[in-house]
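The values are calculated or read from the model by the stated rules, or taken from the named source; none is laboratory data. Predicted model, so just to flag it, every value in this text is computed and none were measured.
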Amino acid sequence: MKNVYEVLRQKEMELTRLEKEVEALRLVAPLLSEEKEMNAEVSKTALPTAVNGPQAPIRIPSPPVVPAAQPVRAAGWDEAAKRWP
């Protein structure tokens, strides 16, 4: 039989990992939709661009990377587990 506190700790770690993944997806999703729109616009204007000659590529500045907030726990998981009913 598994130790209940160990299972709780593993689930908390998994929850933290999933929260980080969701936050990363929230940051990337708008960028991907903008990129998709930009590619559609570029494909529509590809022929006139080729006729007018080569042009410098458009550079889109990337937004600053903001680190995800880490959960703050005043007490270790051992102390929190002791209060578990």
Review point. Does residue 2 count as in a loop (DSSP other than H, G, I, E, B) and at pLDDT 75 or above?
Key: yes
Practice item. Take residue 27 and decide whether it is more than 20 Å from the chain's Cα centre (by Cα) and aliphatic (A, V, I, L, M). Key: no
